[in-house]
């Protein structure tokens, strides 16, 4: 097997020498260039397994090297070297397509995992898709343009280590997208650790994320590792990141910037070796404007944004999604999948789905239990009937009264379909449990 070769681009001879020696210790050959012009000549002459480039060059910058590599060797990953504390340059490079970055002074203990990650990148989208399917990761179903765009972006995102912020309404499949990014990345063999930030009590957040040492506080009877340690070599998925309290946002920002964390009660810091993907159904820019989310943390998490479309935007994909869900649910129950009547499919396509795919799964799971004769009919779906046209007296009612009545019907329908489970009903309606409770109180609905 031929040795790997890395192109090192830096105008400082001591940096080139340091990287050359460090790579040699890993059994990797290095070729060096001292300028953008030399780097472009090297890229045109031969293929490399990785490019390491400084952001500041005498005749250009690292962004130019990224662009030239994409032009001449599109499959070759590029990692950039930035000045200490220059997070803006690192973010700019990641947005331009860099695989990852190293901060000066260069620490060889961070160079090794970066190079290993780059060499583990899957070579093709087809192989990534096959690996995801074999690993049990659900694939995004549908042929609509929004879903095709999401799949294309996921394929590109997977080849970087850049932080990704996944946005979209509740139930649109944000965790599915995160798992696909992980499955298509160089970290696919590592763990995927999903954390619901809104479900952790504020007093326990630091110990849950960073872990603790025995005796760190009352009740700490043994060492315990946190989420960052559990996600080593893999991906840490921060779901509902908007729910993090401000003090925890400060700590998370420092960990992302320094790539280090310290367990509670420990004197030594540990290196962070996890890619961070975050998700929320809230509009983070609005939370920033309200002072509820730190702007600097928003920019660090939102290097690349992936928006998941609502089910209303991809209504043409509902039949394919419905068939896939029914087959999966029937297989899990050890039963033969029933057919979906044409009228049932048409009713699903017309349904507004405030809870998106999660609501569709809930409807079909119930229909599967109620259906008879091997076919799911409209009556099995239990969809709320469309609101009848307003009568003359109702038409004279105030707009507020009519909106409250529509809101009351939607909430009662969601609670019924969720079996009075407030958490599930809130997810269907795209709100928080606290928000649902406030609406129940305002509308006079017993909680």
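Computed from the coordinates by the stated procedures, all read-outs in this text should not be read as laboratory data. This one's a predicted model, so the numbers in the text were calculated from it and none came from an experiment.
Rounded to the nearest 500, the helix-only mean residue ellipticity at 222 nm of the chain stands at -13500 deg cm²/dmol, with each DSSP H run of n ≥ 4 adding -39,500 (n - 2.57).
For the range 5-119, what does the alpha-carbon gyration tensor say about shape, rounded, prolate or oblate, given a ≥ b ≥ c as the root eigenvalues, a/c under 1.5 as rounded, and a/b over b/c as prolate? Because its axes are fairly even, with a/c under 1.5, the range 5-119 counts as rounded. Here the ratio of the Cα radius of gyration of the range 125-307 to 2.2 N^0.38 Å is 1.06.
Per residue, the convex hull spanned by the Cα atoms of the chain amounts to 195 cubic angstrom. Set against the 2.2 N^0.38 Å expectation for a compact globular protein, the range 315-443 has a Cα radius of gyration ratio of 1.18.
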